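Colleague: The following block contains the structure, expressed as C-alpha cells.
Read the figures in this text as sums done on the coordinates, not as results from a lab. Predicted model only: the values in this text are computed from it and were never measured. Neighbour counts are summed over all protein chains in view; Cβ atoms, including those assigned to glycine, are modelled from backbone coordinates with ideal geometry.
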C-alpha cells in the first residue's frame, strides 16, 4: 500500500473519552480560543486550517489544532490534501452543558474590554 | 524589620488583571478542580490548605494553590501561621458570567459519570 492510496485518518477521542480537564486546557490559550470562536461562528461548516488568520508559525498552528483535536474540542478530517476542521459542538454540549457557550461569551467579553 | 514582624502578603492579580486563559488553565487540572469545588461548597468561608483531602505531596499541593492564586481564582491570606483560602467568586462572576458555575456543574457531571 502506498502513501497515496492509504486513507489518512486522524486519532480522535470518542465522546466518552473526552475529559473536562483536557477541554479546559485546550481552551486555555488565546490562539486556540480564537480558532474555536471562529469555528463556532462558522456554525458547523468545515474550515481548512489556512482559513484562520493567526499570528503564529505553521508548526505552532499545527500544534494548536492537534491540541484541540486530541482533547475532543474539534474534529479534523482530510478532504483530498486539505485538513478540514469542525467543532464537536454536539459532543461538548452533551457532555458539559453550557460550557462551550459560556467560554465563548467570556472570550467576547474579554476581547471587548481590551478594545475599550 | 524582622521576618517576625513583617506582614506576609501574597501577590494577587487585581480584578482587571485576571485573564480568561489563566483561569481556564488553572481549572484544567483534576486536583485544582477538586479544590475549587470544595471552596465553592464552603460558600465564602476561609479554608486552610490542610482542610483539603488531596492525593498529592505537600509541595505539589502548594504549587496547585499558587496556580489558583496567581490566575485570580482564589485569594490566599495569612491568619497567624495558617494560609487561608477563599474563592474569588465575585471577581470571576463579574468578569466571566456563569463560567465558574458551568465548570463546577461540568465537574459534577463528569464525577457522576465516572462513579457509574
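Colleague: Could you figure out which of (1) loosely packed, with under 14 Cβ neighbours inside 10 Å; (2) touching a helix residue (DSSP H, G or I) at 6+ places or on another chain (Cβ under 9 Å); (3) not in a helix (DSSP H, G or I) isn't true of residue A:9?
Modeller: If we test residue A:9 against (1) loosely packed, with under 14 Cβ neighbours inside 10 Å; (2) touching a helix residue (DSSP H, G or I) at 6+ places or on another chain (Cβ under 9 Å); (3) not in a helix (DSSP H, G or I), just (2) comes out false.
Colleague: Let me ask something else about it. Identify, from the list B:90, B:53, B:38, the residue that is away from chain A (no Cβ under 14 Å) and assigned to a loop (DSSP other than H, G, I, E, B).
Modeller: Answer to the selection: B:53.
Colleague: Starting from the stretch B:94-116, take each residue that is at the interface with chain A (Cβ under 8 Å from one of its Cβ atoms) and in contact (Cβ under 8 Å) with a residue 12 or more places away in the chain and list its partners that are surrounded by 15 or more Cβ atoms within 10 Å (Cβ to Cβ) and outside any helix (DSSP H, G or I), counting only C-beta distances under 7 angstrom and pairs at least six apart or across chains.
Modeller: Partner pairs satisfying both residue conditions: B:95/B:18.
Colleague: Now, a different point. In the stretch A:13-44, what residues are under 17 Å from residue B:103 (Cα atoms) and without any contact (Cβ under 8 Å) to a residue 12 or more places away in the chain?
Modeller: Once the filter is applied, which keeps residues that are under 17 Å from residue B:103 (Cα atoms) and without any contact (Cβ under 8 Å) to a residue 12 or more places away in the chain, the stretch A:13-44 yields A:21, A:24, A:28.
Colleague: If you check residue B:62 against the conditions, is it more than 14 Å from chain A (Cβ to nearest Cβ), within 27 Å of residue B:111 (Cα to Cα), touching a residue at least 12 places away in the same chain (Cβ under 8 Å) and surrounded by fewer than 16 Cβ atoms within 10 Å (Cβ to Cβ)?
Modeller: Against the criterion (more than 14 Å from chain A (Cβ to nearest Cβ), within 27 Å of residue B:111 (Cα to Cα), touching a residue at least 12 places away in the same chain (Cβ under 8 Å) and surrounded by fewer than 16 Cβ atoms within 10 Å (Cβ to Cβ)), residue B:62 qualifies.
Colleague: If you go through the stretch A:56-87, how many residues are part of a strand (DSSP E or B) and in contact with a helix residue (DSSP H, G or I) (Cβ under 6 Å, 6 or more places away or on another chain)?
Modeller: Selection size over the stretch A:56-87: 4.
Colleague: Among A:56, A:86, A:67, A:77, which is in contact (Cβ under 8 Å) with a residue 24 or more places away in the chain and more than 30 Å from residue B:113 (Cα to Cα)?
Modeller: A:56
Colleague: Kindly indicate which of B:56, B:77 is closer than 30 Å to residue A:18 by Cβ and surrounded by fewer than 16 Cβ atoms within 10 Å (Cβ to Cβ).
Modeller: Result: B:56 is the single residue among B:56, B:77 that is closer than 30 Å to residue A:18 by Cβ and surrounded by fewer than 16 Cβ atoms within 10 Å (Cβ to Cβ).
Colleague: Tally the residues that are facing chain B (nearest Cβ under 8 Å) and part of a loop (DSSP other than H, G, I, E, B), restricting the search to the stretch A:12-33.
Modeller: Residues that pass the stated criteria total 3.
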